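Written out below as structure tokens is the structure these notes cover.
The values are calculated or read from the model by the stated rules, or taken from the named source; none is laboratory data. In this text, all values refer to a predicted model and were calculated from it rather than measured experimentally. Neighbour counts are summed over all protein chains in view; Cβ atoms, including those assigned to glycine, are modelled from backbone coordinates with ideal geometry.
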Amino acid sequence: MTAYAFRSKVRLSLVLMVAVLVATAFVFTPSLAAAAEGTEVVDYNLAWVCIAAALAFGFGALGAGMAISHVGSAAMGAISEKPEIATNALIFIALAEGLVVFGFITALMILGSI
């Protein structure tokens, strides 16, 4: 895969992620018809909190995936040449996976503020 194809796939996935987040914002907000009648005030805070939590987790997962793709391929190549460094190489892969955990914890902290 060329660098251009990879960038275009990442760009497409980011655009689709934002589109899904905007679409789900309408699910979490109260009905606009009820707001037009004056019976209920529309509160967009819940939608923004959910979008922020989804972005925190989504970007954490995307960054971890990109890091693991680069670090993992380099680690497997190094292990094939020198098998005794396998534990050291796997530690670097685990460090890249920590990005997902940080994104998940951040999303939980954001959702805990509701």
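Annotation note: Cβ proximity below 9 Å between a residue of the stretch 1-30 that is under 21 Å from Ser69 (Cα atoms) and of a type in the set (A, V, I, L, M, F, W, C) and a residue that is at pLDDT 85 or above and not in a helix (DSSP H, G or I) (sequence gap 6+ or interchain) occurs for no pair. Are any of the residues in the stretch 97-113 over 30 Å from Trp48 (Cβ atoms) and part of a helix (DSSP H, G or I)? For the stretch 97-113, residues over 30 Å from Trp48 (Cβ atoms) and part of a helix (DSSP H, G or I): absent.
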